[in-house]
Amino acid sequence: MSLKVTRRKIMIFREAKLEDLPQLLKLEQGVVEAERPYNSAIKSEGASYYDIPYLIEDEQSYMLVLEHEGEIIATGYSQIRTSKKSLKHDQHAYLGFMFVVAEHRGKGINKQLMEKLLDWSQQQGIDDFYLDVYAQNQSAIKAYEKLGFAPCLVEMRLSR
C-alpha cells in the first residue's frame, strides 16, 4: 500500500512589512489599472494612490496581506480616521487598497481579508466603516453589500 502525499498550498494572512514594498507597489498598479476604466482623470503613467510605507508603520493603520508560496496575492488596510464633526461617531475606520490578484479572485479571499480588517478595527473600539468604490464598479459594490456596506454618498466630478 502506497501513501500519496500531496503538498498543501498554504496561504497566510499577516501584517505587511516594509520588505513587502516592491510587491505592494506592483499590486497598487493593479488597483490603478482596474480602476482606470472608471475614471478618465487617472494619470496614464506614474499614478499612485497610497503612501504604503506610512500605512505599514502608522499605529492607526493595519495593512494586511495574504501570502501564497512567497508571493503576496491580496492586500487591504484599515485606518482609523477622525470623522466629520456632523457625525455621531468621533472616529471611523477607512478601508482601502482592497485587491486580489486575478487568478485568485472568486475564492472568498476579499471577504476574509475584509473580515480581518473589520475585526482589527473593532478591537480598536471602532464600529463605523467607510470605503470608496466607483459607482460603475458593480461587482465590487455587490461584494461590499454582501458584507453589509450600503451606499451613502456619491462624489460627482466636472472637468472643463
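The values are calculated or read from the model by the stated rules, or taken from the named source; none is laboratory data. Worth saying up front: this structure is predicted, and the values here are computed from it rather than measured. Backbone-built Cβ (ideal geometry, glycine too); neighbour counts: all protein chains shown. When the accessible area is computed, the model is the full protein with side chains, heavy atoms only, and any ligands, DNA or RNA have been set aside. Shrake-Rupley method; radii C 1.70, N 1.55, O 1.52, S 1.80 Å.
Tell me which of G70, V100, S40 sits at the most positive position along the dipole axis of the range 20-160, charges placed on C-beta atoms (Lys, Arg +1; Asp, Glu -1).
S40
Rounded to the nearest percent, how much of the accessible area of the range 18-160 (1.4 Å probe, protein heavy atoms only) is carbon and sulfur?
Values: 4440 of 9190 Å².
That fraction is 48 percent.
In Å and on Cα atoms, what radius of gyration and Dmax does the range 90-160 show?
Gyration radius and largest Cα-Cα distance of the range 90-160: 13.7, 45 Å.
Treating each Cα of the range 16-81 as an identical point scatterer and ignoring solvent, apply the Debye formula and state log10 I(q)/I(0) at q = 0.13, 0.26 Å⁻¹.
Each listed q maps to, in turn, -0.39, -1.15.
Report the residue, chosen from S40, S61, S121, that carries the largest GNM mean-square fluctuation when the chain is represented by alpha-carbon nodes joined by springs under 10 Å.
S40
In nm, to one decimal, how far is the K84 label point from the F149 one, both placed 7 Å along Cα→Cβ?
It is 1.8 nm.
Could you give the accessible area per residue of the range 46-160, probe 1.4 Å, as a whole number in Å²? Numbers along the way, then the final one.
On the way: 7380 Å² over 115 residues.
I get 64 Å² per residue for the range 46-160.
Rounded to the nearest 0.05, what FRET efficiency is calculated for K107 and Y134 with R0 set to 25 Å and r the Cβ-Cβ distance? Display every interim value, and only then the final one.
Numbers: r = 23 Å, r/R0 = 0.91.
Efficiency, rounded to the nearest 0.05: 0.65.
Compare the peptides 134-143, 77-86, 43-52 by average per-residue count of other Cβ atoms within 10 angstrom and give them in order, highest first. Could you put the intermediate results ahead of the total?
Details: 134-143: 13.0, 77-86: 14.9, 43-52: 11.4.
My ranking of the peptides, most packed first, is 77-86, 134-143, 43-52.
Only one of the values [x] 17.5, 75; [y] 20.1, 64; [z] 15.2, 47 was calculated from this structure for Rg and Dmax of the Cα atoms in Å; name its label.
[x]
Can you tell me which of V65, V100, V133 moves the most in a GNM of the chain? Springs connect C-alpha atoms under 10 Å apart.
V133
Take every DSSP beta bridge with both residues inside the chain and express the antiparallel ones as a percent of the total, to the nearest 5. Don't jump to the answer; show the numbers that get you there.
On the way: 21 of 24 bridges.
Antiparallel: roughly 90 percent of the beta bridges in the chain.
Helix-derived [θ] at 222 nm for the chain: sum -39500 (n - 2.57) over DSSP H runs of at least 4, divide by residue count, nearest 500?
Values: 4 runs with 45 residues, N = 160.
Taken over the chain, the calculation gives -8500 deg cm²/dmol.
As I understand it, the value is the acute angle between the Cα axis of helix 109-123 and the longest principal axis of the Cα atoms of the chain; what does it come to in degrees, rounded to 10?
Computed tilt is about 60 degrees.
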